[in-house]
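The next block holds one structure in the form of structure tokens; read it before the comments.
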Amino acid sequence: MPADLRSLGTAITAEMIGATLACFAALHARGIPRGITVTRDARYGPAERNRLDLFVPEGQGAATRAVLLFVHGGGFVQGDKTTPGSPFYDNVGLLAARHDVIGATMTYRLAPQHPWPAGSDDVSAAVRWLRENVATHGGDPQRLFVMGQSAGAAHVAGYIAREHSAGASEWNPAGAVLVSGLYDIDTMDKNPFFHAYHGNDPEAYAGRSFLRPLARTRVPLMAITAELDPPDFLRQGVKLLEASVAERQQYPRFLHLMGHNHLSTVLNLGTANDPFSAQLLDFIKRSP
């Protein structure tokens with residue numbers, strides 16, 4: 001770790017975000033390395049933010065490579081797949097491509113203009129686009145993994161629960177990776193970010209929780225929490241483990257990253273001191 005993140009606390013403040021971004025940006029090389037082709041802003045849907053970037057290792061041949069789609073966070077109300085002058089979240093796509101996996105990073109519609117279930121609907125549309133198009137880039141549509149962080153993990157979880165709960169679909173993603181996500185609408189903190197996406201009427205979102213359908217899915221799950229996550233994200237991680245045992249009598253693959261905060265788990269991906277990458281790549285390799 002380049003710094004002791006504990007000094008920044010666990011609250012997601014502007015100071016914590018800025019300091020964490022600056023800390024980890026310095027660890028990433030600038031630019032796209034040789035041997036990787038990047039396609040920017042492929043349109044997977046009609047909205048302006050329905051865009052994704054593809055990171056493809058050169059030497060593509062038959063459609064045999066696994067595919068990793070990453071969904072950014074941002075409290076349901078902000079965020080993007082890439083920012084000019086920043087290595088984030090190109091670092092996720094580049095990590096995949098450096099290990100012979102096709103990477104994809106997506107942008108989606110934001111609350112409050114686009115409330116529930118817009119985020120999960122956009123994940124579904126991006127997955128559909130990749131299933132239809134990634135073979136032309138050397139990717140295997142049957143080996144498509146979906147990964148989200150924070151609000152992005154909530155959108156991935158909602159997509160899996162709504163479309164790929166047990167027996168719900170003939171086709172399933174090869175795996176889902178949930179980094180510091182939110183899964184149980186009934187118990188998660190009802191803060192302004194929650195209300196921006198889910199609204200202010202309890203009757204409108206009562207019974208909307210996707211925790212149990214998510215726990216019943218046959219899609220292999222990997223769940224990650226950070227030592228310095230805000231308390232609600234830690235509680236939600238426990239909720240997912242409890243529900244998985246209740247529904248399936250087993251945990252998902254689980255990783256708790258000590259010394260990391262809510263952002264650094266993903267910002268650190270692809271650096272020299274990165275405990276998450278090896279676990280993520282092993283999950284992709286071992287999933288059927």
_So for region 28-37 (the condition being farther than 24 Å from Glu132 by Cα and β-branched (Val, Ile, Thr)), does at least one residue qualify?_
yes
*Go through (1) touching a residue at least 12 places away in the same chain (Cβ under 8 Å); (2) closer than 30 Å to Thr20 by Cβ one by one and return the number of the condition Arg162 breaks.*
(2)
*asked:* Just the residues that are assigned to a loop (DSSP other than H, G, I, E, B) and charged (D, E, K, R), please, taken from region 176-211.
replied: Asp184, Asp186, Asp189, Lys190, Asp201, Arg208
*Among the numbered criteria (1) within 18 Å of the chain's Cα centre (by Cα); (2) under 30 Å from Leu8 (Cα atoms), which single criterion is violated by Phe210?*
(2)
*Filtered residues of region 240-262 (kept if of a type in the set (A, V, I, L, M, F, W, C) and part of a strand (DSSP E or B))*: Phe254, Leu255, Leu257, Met258
*asked:* I'd like to verify a number: residues in region 263-276 that are surrounded by fewer than 18 Cβ atoms within 10 Å (Cβ to Cβ) and part of a helix (DSSP H, G or I), how many?
replied: 1
*Taking Leu214 as meeting all but one of (1) touching a helix residue (DSSP H, G or I) at 6+ places or on another chain (Cβ under 6 Å); (2) within 18 Å of His155 (Cβ to Cβ); (3) assigned to a loop (DSSP other than H, G, I, E, B), write down the number of the exception.*
(3)
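FYI, it's all coordinate maths here, none of it is from the lab. Everything quoted here is computed from the prediction, not taken from an experiment. Glycine also receives a Cβ, built like all others from the backbone with ideal geometry; neighbour counts cover every protein chain displayed.
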